[in-house]
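Here is the structure we will look at.
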Amino acid sequence: MTASSAETAAETLAEATEALISAGRSLFTEFGYRQTDFPRLAEKAGLPEAFARELLPDKAAVFGALIERTARVAGILRPAVSEGLDDDLPARLARAYLALWEPNEEDSPLIELYRVALSDREASHIMRERFTKALNGQVDHELAGGEAGLRTALFGAQLGGVAFVRHLMRVDAVAAADLDTVIRTISPGLRRTLLGSDGEQ
């Protein structure tokens with residue numbers, strides 16, 4: 001196989017995988033995780049089922065790939081980290097994450113994923129495992145000191161909780177507040193969790 005034919009084959013596989021993941025987003029959102037089976041995913045993607053299973057073996061793998069693609073494409077936390085590990089980092093991370101839920105709530109890929117995950121125990125487990133890994137991996141290796149993984153996990157849990165009550169449960173006080181107010185209010189606690197400091201001298 002020549003280099004050009006190998007590149008073409010790799011592109012074909014990448015395009016087919018992307019089609020399968022996109023089919024997952026469409027079907028999981030419309031029908032839920034439990035009601036979506038793999039043959040339907042393959043059909044939606046326009047792929048023979050046997051070939052689709054070579055790319056991603058089951059619907060759990062498709063959902064996991066969808067979660068990882070969403071985190072990667074969104075570039076959720078990396079830009080905020082690249083500005084430096086200072087006292088403003090937790091607020092920058094909070095804004096980067098929470099802003100993904102804000103502009104057009106019904107089209108938010110994160111809200112779609114959370115709604116799918118909440119509908120099924122297996123989907124919830126996949127969401128928790130893959131999304132935590134995808135998000136924490138963008139931050140914890142940058143932190144100094146021990147328990148970086150624990151600190152970033154707890155930091156993510158706090159942000160996830162705020163997003164959950166603001167956009168899914170729509171608790172009045174939290175849902176009604178503007179994003180700047182939310183971030184300003186939660187930032188001291190986020191600093192203590194992530195950096196071990198509230199930023200005050």
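The values are calculated or read from the model by the stated rules, or taken from the named source; none is laboratory data. Given the structure is predicted, the values throughout are model-derived calculations rather than measurements. Here Cβ is always computed from backbone atoms with ideal geometry, including for glycine, and neighbour counts include all displayed protein chains. Just so you know, the surface numbers come from the protein's heavy atoms only, side chains and all, with ligands and any DNA or RNA stripped out. Shrake-Rupley method; radii C 1.70, N 1.55, O 1.52, S 1.80 Å.
Tally up the residues in the stretch 157-187 that are under 14 Å from ARG92 (Cα atoms) and surrounded by 15 or more Cβ atoms within 10 Å (Cβ to Cβ), please.
5
Residues are listed down the side, and each one gets a yes or a no for (1) surrounded by 13 or more Cβ atoms within 10 Å (Cβ to Cβ); (2) in contact (Cβ under 8 Å) with a residue 60 or more places away in the chain; (3) of a type in the set (D, E, K, R):
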| position | (1), (2), (3) |
| --- | --- |
| PHE28 | yes, yes, no |
| ARG40 | yes, no, yes |
| LYS44 | yes, no, yes |
| ALA52 | yes, no, no |
| LEU66 | yes, no, no |
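Failed condition for SER82, given (1) of a type in the set (S, T, N, Q); (2) within 21 Å of ILE186 (Cα to Cα); (3) at pLDDT below 80; (4) surrounded by fewer than 18 Cβ atoms within 10 Å (Cβ to Cβ), with all others met?
For SER82, the exception is condition (2).
For ARG192, are the conditions met, namely being basic (Lys, Arg), modelled with pLDDT of 90 or more and either farther than 25 Å from ASP87 by Cα or open to solvent by 40 Å² or more (accessible area, probe 1.4 Å) (or both)?
Taking the combined requirement at face value, the residue satisfies it.
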